[in-house]
1. From largest accessible area down, sort VAL142, VAL153, VAL48; use a 1.4 Å probe on the protein chains.
2. Calculate how steeply helix 73-82 sits against the longest principal axis of the alpha-carbon atoms of the chain, using the helix alpha-carbon long axis, and give the answer as 0 to 90 degrees to the nearest 10.
3. Run the 1.4 Å probe and let me know the accessible area of HIS155, rounded to the nearest 10 Å².
4. Residue by residue through region 112-122, which ³J(HN,Hα) values in whole Hz follow from phi under the Karplus form 6.51 cos²θ - 1.76 cosθ + 1.60 (θ = phi - 60°), with glycine and proline marked x?
5. Counting GluC sites (Glu not before Pro) as exposed when in a DSSP loop with at most 15 other beta carbons within 10 Å, what is the longest stretch of the chain free of them?
6. Compute the Cα gyration tensor for region 10-68, then decide on rounded, prolate or oblate, letting a ≥ b ≥ c be the square roots of its eigenvalues: rounded whenever a/c is under 1.5, prolate when a/b is larger than b/c in the other cases, and oblate in all that remain.
7. Where does the chain land at 222 nm, in deg cm²/dmol rounded to the nearest 500, when only DSSP H runs of n ≥ 4 count, each adding -39500 (n - 2.57), divided by all residues?
8. If you filter region 9-82 for trypsin sites (Lys or Arg not before Pro), then keep DSSP loop positions with at most 14 other Cβ within 10 Å, what is left?
Amino acid sequence: CGAIAQTYADAAREAGAEVRQTNLGDLQFDPVLWQGYRHIQELEPDLVAAQAAIHWAEHLVFVYPNWWGSMPALLKGFLDRVFLPGFAFKYRPNSPFWDRLLAGRNAHLFVTMDTPPWYYRWFFHQPGHEQMRHAILGFSGVKPIKITEFGPVRHASLRQREKWLAQVKKLATSNARRV
C-alpha cells in the first residue's frame, strides 16, 4: 500500500496536480467516536488538518488493504471521526433525507487483498467496496467512485507488483488535479 500511495502521489505531481498526502499511521488521534453523534468530541489537530485537506481536494484517493472483507480498523476510525455531521453530511430538519456536503468531489480507491479479486466480487459480494462506495463516500456526496483492486498480493512476484505500480502511475496521470 505504501508503494501504491507514493507512486500515485509522485505521478500525480509529475502530471501537474497539487497533492496533499495523509498517512493515517503518522496521525495522532483517537479512532473511537465515544458518544456517537450525540456529542461530537473535539477533533485532534491532525484530524482538523485532514478535514481541511479533504475539503480542499477535488479528487480523493484512498489506498488500503482489505482486512476481513473491509477496511482496517484505523481507517474506519478515521472516517468515523472525520466524516461528521456538518462536515460530510447534514440531516435535514423533519426529514429522512440529508445534504451531501462533500458533493463535487470524486474518489479512487486502491485496495490490496490476498483474496483473488474475482473471488471477492462473486463469493463475498464486495462488502468493503460497497461500504465505501455507498454508505460512506456516496452518502457524503462523493461521486463517481472508482475502485482498483490488487490481489492476491501475498504471493505476487516482483514483476506483478511492478505491473500494478505502472497501472497506478497511469491512473494518477489521467486524474491530475487537486488530490
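1. VAL48, VAL153, VAL142
2. It works out to around 40 degrees.
3. Accessible surface of HIS155 is approximately 150 Å².
4. Once θ is set to phi - 60°, the couplings for region 112-122 become 9, 7, 8, 6, x, x, 5, 5, 4, 6, 7 Hz.
5. 59-179
6. Taking the square roots of the gyration eigenvalues as a ≥ b ≥ c, region 10-68 is prolate.
7. So the calculated ellipticity at 222 nm is -10500 deg cm²/dmol.
8. Numbers: sites: ARG13, ARG20, ARG38, LYS76, ARG81; in loops: ARG20, ARG38.
Here the trypsin sites (Lys or Arg not before Pro) that fit, given the DSSP loop and packing criteria, are ARG20, ARG38.
The values are calculated or read from the model by the stated rules, or taken from the named source; none is laboratory data. From a predicted model like this one, the values you see are computed outputs, not experimental measurements. Note that we place each Cβ from the backbone using ideal geometry, even for glycine, and neighbour counts take in every protein chain shown. In case anyone asks, the SASA skips ligands and DNA or RNA and just uses the protein heavy atoms, side chains included. Shrake-Rupley method; radii C 1.70, N 1.55, O 1.52, S 1.80 Å.
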